[in-house]
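Written below as C-alpha coordinates is the structure these notes are about.
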Amino acid sequence: MEHIDVMVVRPGDVATVGATRDGDGLLLEPVALAQATGWTLEPQGLCRGDICVPTRGRAGLVRDGLVDLATFGDVVGAPVVVDAAEGAVSITEPAGRRAGELASLAAPALELPDLDGRPVRLSDFTGRKRLLLAWASW
(Lines give C-alpha, C1' and ligand atoms only; values in the text may rest on other atoms or scores of the structure.)
Protein backbone atom coordinates (compact mmCIF):
# COMPACT_ATOMS: atom_id res chain seq x y z
CA MET A 1 0.00 0.00 0.00
CA GLU A 2 1.21 3.47 -0.90
CA HIS A 3 0.09 6.95 0.18
CA ILE A 4 -0.71 9.30 -2.75
CA ASP A 5 -2.62 12.49 -3.49
CA VAL A 6 -5.89 11.86 -5.33
CA MET A 7 -8.14 14.20 -7.31
CA VAL A 8 -11.82 13.50 -6.63
CA VAL A 9 -14.19 14.97 -9.22
CA ARG A 10 -17.90 15.35 -8.39
CA PRO A 11 -20.64 17.38 -10.07
CA GLY A 12 -19.71 21.00 -9.38
CA ASP A 13 -16.67 20.21 -7.23
CA VAL A 14 -13.09 18.97 -7.37
CA ALA A 15 -11.06 18.08 -4.27
CA THR A 16 -7.53 16.81 -3.80
CA VAL A 17 -7.05 14.58 -0.76
CA GLY A 18 -4.55 12.07 0.53
CA ALA A 19 -5.39 8.42 -0.13
CA THR A 20 -3.90 4.97 0.17
CA ARG A 21 -3.47 3.02 -3.06
CA ASP A 22 -4.19 -0.68 -2.56
CA GLY A 23 -3.69 -2.43 -5.89
CA ASP A 24 -6.39 -1.06 -8.21
CA GLY A 25 -8.34 0.47 -5.31
CA LEU A 26 -8.16 3.68 -3.31
CA LEU A 27 -8.82 4.01 0.40
CA LEU A 28 -9.56 7.28 2.20
CA GLU A 29 -9.41 8.22 5.85
CA PRO A 30 -12.91 9.20 7.05
CA VAL A 31 -11.85 12.87 7.31
CA ALA A 32 -10.65 12.87 3.69
CA LEU A 33 -13.88 11.14 2.60
CA ALA A 34 -15.88 13.97 4.18
CA GLN A 35 -13.68 16.60 2.49
CA ALA A 36 -13.95 14.97 -0.93
CA THR A 37 -17.58 13.82 -0.92
CA GLY A 38 -19.51 15.47 1.90
CA TRP A 39 -20.31 12.01 3.34
CA THR A 40 -19.17 11.20 6.88
CA LEU A 41 -18.66 7.76 8.37
CA GLU A 42 -20.82 7.59 11.50
CA PRO A 43 -21.69 4.65 13.80
CA GLN A 44 -25.11 4.40 12.09
CA GLY A 45 -23.61 4.42 8.57
CA LEU A 46 -22.57 6.89 5.88
CA CYS A 47 -24.28 10.23 6.44
CA ARG A 48 -24.64 13.48 4.49
CA GLY A 49 -26.85 16.07 6.13
CA ASP A 50 -30.09 14.41 7.26
CA ILE A 51 -29.52 11.34 5.07
CA CYS A 52 -27.84 8.24 6.48
CA VAL A 53 -27.26 4.99 4.62
CA PRO A 54 -26.79 1.93 6.86
CA THR A 55 -23.46 0.18 6.35
CA ARG A 56 -23.87 -2.84 8.61
CA GLY A 57 -23.01 -5.98 6.68
CA ARG A 58 -21.21 -4.06 3.92
CA ALA A 59 -18.03 -6.12 3.76
CA GLY A 60 -15.06 -4.26 2.36
CA LEU A 61 -16.32 -0.73 3.02
CA VAL A 62 -13.92 -0.06 5.90
CA ARG A 63 -10.50 -1.71 6.06
CA ASP A 64 -8.01 -0.81 8.77
CA GLY A 65 -10.02 2.35 9.47
CA LEU A 66 -9.96 3.46 5.80
CA VAL A 67 -12.96 3.71 3.45
CA ASP A 68 -12.79 1.91 0.09
CA LEU A 69 -14.06 4.33 -2.57
CA ALA A 70 -15.51 1.72 -4.94
CA THR A 71 -17.52 0.13 -2.13
CA PHE A 72 -18.54 3.62 -0.94
CA GLY A 73 -20.14 4.22 -4.34
CA ASP A 74 -22.07 0.95 -4.11
CA VAL A 75 -23.33 1.83 -0.62
CA VAL A 76 -24.57 5.34 -1.45
CA GLY A 77 -25.81 4.40 -4.93
CA ALA A 78 -23.47 6.73 -6.81
CA PRO A 79 -21.43 5.54 -9.79
CA VAL A 80 -17.73 5.79 -8.91
CA VAL A 81 -14.82 5.34 -11.30
CA VAL A 82 -11.42 4.83 -9.66
CA ASP A 83 -8.10 5.07 -11.51
CA ALA A 84 -5.63 4.28 -8.76
CA ALA A 85 -2.64 4.40 -11.10
CA GLU A 86 -3.44 8.02 -12.06
CA GLY A 87 -4.74 9.08 -8.65
CA ALA A 88 -8.13 10.10 -10.02
CA VAL A 89 -11.70 9.40 -8.94
CA SER A 90 -14.98 10.45 -10.56
CA ILE A 91 -18.20 10.33 -8.57
CA THR A 92 -21.46 11.10 -10.38
CA GLU A 93 -25.08 11.52 -9.39
CA PRO A 94 -27.07 8.33 -8.76
CA ALA A 95 -28.64 6.96 -11.93
CA GLY A 96 -32.17 7.20 -10.48
CA ARG A 97 -31.84 10.93 -9.99
CA ARG A 98 -30.52 11.46 -13.51
CA ALA A 99 -33.30 9.28 -14.96
CA GLY A 100 -35.89 11.42 -13.19
CA GLU A 101 -34.33 14.61 -14.55
CA LEU A 102 -34.27 13.20 -18.08
CA ALA A 103 -37.89 12.05 -17.84
CA SER A 104 -38.98 15.54 -16.75
CA LEU A 105 -37.49 17.03 -19.94
CA ALA A 106 -36.31 20.00 -17.85
CA ALA A 107 -32.91 21.29 -18.93
CA PRO A 108 -30.30 21.57 -16.17
CA ALA A 109 -28.98 24.94 -15.07
CA LEU A 110 -26.17 25.64 -17.50
CA GLU A 111 -23.78 28.55 -17.93
CA LEU A 112 -21.14 28.80 -20.65
CA PRO A 113 -19.06 31.64 -22.08
CA ASP A 114 -20.12 33.10 -25.44
CA LEU A 115 -17.58 33.83 -28.18
CA ASP A 116 -16.59 37.05 -26.40
CA GLY A 117 -16.14 35.28 -23.06
CA ARG A 118 -19.31 36.70 -21.45
CA PRO A 119 -21.32 34.17 -19.40
CA VAL A 120 -24.59 33.04 -20.98
CA ARG A 121 -27.16 30.99 -19.09
CA LEU A 122 -29.62 28.63 -20.70
CA SER A 123 -32.27 30.27 -18.51
CA ASP A 124 -31.55 33.59 -20.29
CA PHE A 125 -33.63 32.20 -23.14
CA THR A 126 -36.67 31.02 -21.18
CA GLY A 127 -39.79 31.14 -23.33
CA ARG A 128 -37.80 30.84 -26.54
CA LYS A 129 -36.79 27.76 -28.51
CA ARG A 130 -33.25 26.69 -27.70
CA LEU A 131 -30.75 24.39 -29.38
CA LEU A 132 -27.51 23.53 -27.64
CA LEU A 133 -24.85 22.15 -29.95
CA ALA A 134 -21.70 20.64 -28.47
CA TRP A 135 -18.58 19.53 -30.28
CA ALA A 136 -15.24 18.15 -29.20
CA SER A 137 -12.14 17.29 -31.20
CA TRP A 138 -11.46 14.05 -29.39
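If we scan the range 53-76, do we find a residue that is under 26 Å from Ile4 (Cβ atoms), crowded, with 16+ Cβ neighbours inside 10 Å and among the basic types (Lys, Arg)? Write out each step before concluding.
Restricting attention to the range 53-76, the residues satisfying the condition of being under 26 Å from Ile4 (Cβ atoms) are 55, 58-76.
So of that shortlist, the ones also crowded, with 16+ Cβ neighbours inside 10 Å come out as 55, 58, 61-62, 66-73, 75-76.
Add one more test, that the residue is among the basic types (Lys, Arg), and what stays is 58.
So far as the range 53-76 goes, yes, one or more of its residues are under 26 Å from Ile4 (Cβ atoms), crowded, with 16+ Cβ neighbours inside 10 Å and among the basic types (Lys, Arg).
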Would the range 80-92 turn up any residue that is of a type in the set (S, T, N, Q), more than 30 Å from Leu122 (Cα to Cα) and in contact with a strand residue (DSSP E or B) (Cβ under 8 Å, 6 or more places away or on another chain)?
-> no
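Which residue is surrounded by the most Cβ atoms within 10 Å (Cβ to Cβ), if the candidates are limited to the range 36-48 and must be over 16 Å from Val80 (Cα atoms) and under 16 Å from the mean Cα position of the chain (by Cα)?
Cys47
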Just to be sure, is Arg21 touching an Asp or Glu at 6+ places or on another chain (Cβ under 6 Å) and of a type outside the set (Val, Ile, Thr)?
-> yes
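Here's the yes/no breakdown for (1) farther than 14 Å from Val8 by Cβ; (2) of a type outside the set (Val, Ile, Thr); (3) in contact (Cβ under 8 Å) with a residue 60 or more places away in the chain:
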| site | (1), (2), (3) |
| --- | --- |
| Asp24 | yes, yes, yes |
| Gly45 | yes, yes, no |
| Cys52 | yes, yes, no |
| Glu86 | no, yes, no |
| Ser90 | no, yes, yes |
| Asp116 | yes, yes, no |
| Lys129 | yes, yes, no |
When you scan the range 1-120 for strands (runs of 3 or more DSSP E) that lie fully inside it, which ones turn up with 2 or more residues that are within 30 Å of Leu131 (Cβ to Cβ)?
-> 2-10, 13-22, 111-113
Those residues of the range 1-50 which are under 16 Å from Asp74 (Cβ atoms) and of a type in the set (A, V, I, L, M, F, W, C), in sequence order = Leu26, Leu27, Leu28, Leu33, Trp39, Leu41, Leu46
Across the range 52-62, what is the total count of residues that are in contact with a helix residue (DSSP H, G or I) (Cβ under 9 Å, 6 or more places away or on another chain) and at pLDDT 90 or above?
-> 4
Would you mind stating whether Leu132 is surrounded by fewer than 10 Cβ atoms within 10 Å (Cβ to Cβ), more than 25 Å from the chain's Cα centre (by Cα) and not charged (D, E, K, R)?
-> no
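The values are calculated or read from the model by the stated rules, or taken from the named source; none is laboratory data. All figures in this text were calculated on a predicted structure; none of them were measured in a lab. As a convention, Cβ positions derive from the backbone with ideal geometry for all residues, glycine included, and neighbour counts pool all protein chains shown.
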